[in-house]
1. Cross-link list K134/K322; K134/K356; K120/K333; K74/K134; K120/K274: which exceed 30 angstrom alpha carbon to alpha carbon?
2. Filter the GluC sites (Glu not before Pro) in the range 158-219 down to the DSSP loop ones having no more than 14 other Cβ atoms within 10 Å, then list what survives.
3. Would you mind counting up the charge near I355? Only other residues with Cβ under 14 Å from its Cβ, with Lys and Arg at +1 and Asp and Glu at -1.
4. Taking the highest mean first, how do the peptides 139-146, 91-98, 207-214 order by number of other beta carbon atoms within 10 angstrom per residue?
5. For K281, go through the aspartates and glutamates and keep the ones whose alpha-carbon is under 18 Å away, minus same-chain ones fewer than eight residues off.
6. Estimate the FRET efficiency between R282 and T340 by the formula 1/(1 + (r/R0)^6), using the beta-carbon distance for r and 45 Å for R0, to the nearest 0.05.
7. If I model a spin label at D365 and L207 as a point 7 Å from the Cα along the Cα→Cβ vector, what separation in nanometres do I get?
8. Which FRET efficiency value, to the nearest 0.05, do you get for K333 and V149 by plugging their Cβ-Cβ distance into 1/(1 + (r/R0)^6) with R0 = 41 Å?
Amino acid sequence: MKISITILKMSLFLFVAIYYYKGYSQNTLPYFGQTPPDSVPVRFGPAFLQTDNTWSWYSGPVFSPDGREMFFGKYHYIPSGNVKMYYIQDVNGVWTLPQIAPFSGTASLSSPNYSVDGNKLFFNADFSSVDLNKIYYVTKIANAWSTPVLINMPYLSLPEMISGTSMTLDSTFYFTLHTTQGAYIYRSKCINGQYTSFERLPNQINLYNSSSAYIDPEEEYLLFDSNRPGTLGESDLYICFKKPDGGWTSAQNLGTNINCASWDYNPSISTDGKYLFFQSKRTGDINANTYWVDASFIDELNPYSGINDRITINGVELLQNKPNPFSNNTEIKCFIPSNTASAMLMIFDMNGKHIKTFNISERGDCLVKINAADLKGAGMYIYSLYIVNKEISTKRMILSE
């Protein structure tokens, strides 16, 4: 019996050793092969991403556009207050186990965000011992990351600290600024390569403490957490929508389906636009875990949803592709007047590189069918309608895995 127990223990040890050496599992794209959530939030990630009494989720998860890399932040309780950013990679179909980001050094890093092409990663860090969090980025070079570079912004004087950074397609940064008066959401626009002075967002967002800003890449809505009156727990998730005049709607609580009686914080939307991620401590959680839920409810809350789906210029109409995001096929409708000499739909990547051209021979109501094979892999694309070589209108579409 003792020999059998010894063999069993050795077998278990060998299994664990192989597990930790090789990684998580094979063929688990996207999102580690988990069953996607519906309208009810569920815990995200396999067992090794579930918290215990030594750590808590701090930020993320953020996946690269191709879904093969994930960054996230851990808050370690030993030593107390120790924040580190980790990454996981899919290597030949096998996910590695979490490792500290190689460019971290001894600094605290958080709030990772990929550029649209996945070649840059933005984050908050306190690399200087005499400074607090600022915004940095690293660049991917031959499957490795460069040394961190400071974003040249007009940072305010200490003791203000930046956290919860998020970025739009035109490189505007939204972030939380922690001051002696409280935590509030600001932004800084990039104009001709220069970042503007920090602009505090209006009272619809900042009348009370607000933090962990996530801005929709097209700046249609802002997600954040707050403990304002009406909050269900210690902190709830809220949303504001951008008005056509550039203002913001009143903050709307995401409700009991999303928020719980404890902490809900740090919202973000997956790269493919399908899921809302956030941190929460719920029944059965030792510390805060990450939860995810189908994000389609956001369009249902948006009072301006669809307002810009159709663009009409001089009798020519261009509609938003549907479905969007898409994984296999999508369709783009347009209307071309009968007296139009030539018309074409051109697709570009987010760097402006031409991908494909569709000549439109029909007149009146037209339909352009696009297959994933026409594009260059998952990511965001721009499509533009040209009439007699003149650009009429442009829209964006997302190809997911």
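Any read-out appearing in this document is the output of simple, stated calculations on the displayed coordinates, not a laboratory observation. None of these values were measured; they are calculated from a predicted model. Please note: Cβ atoms are built from the backbone with ideal geometry, for glycine as well, and neighbour counts cover all protein chains shown.
1. Result: K134/K322; K134/K356; K120/K333 exceed 30 Å.
2. Qualifying residues, ordered by number: E218.
3. In short, +1.
4. Values: 139-146: 11.1, 91-98: 13.9, 207-214: 21.6.
Those peptides, ordered most packed to least, come out 207-214, 91-98, 139-146.
5. D52, D225, E234, D236, D264
6. 0.20
7. My value for the distance between the label points is 4.5 nm.
8. So, using R0 = 41 Å, E works out to roughly 0.45.
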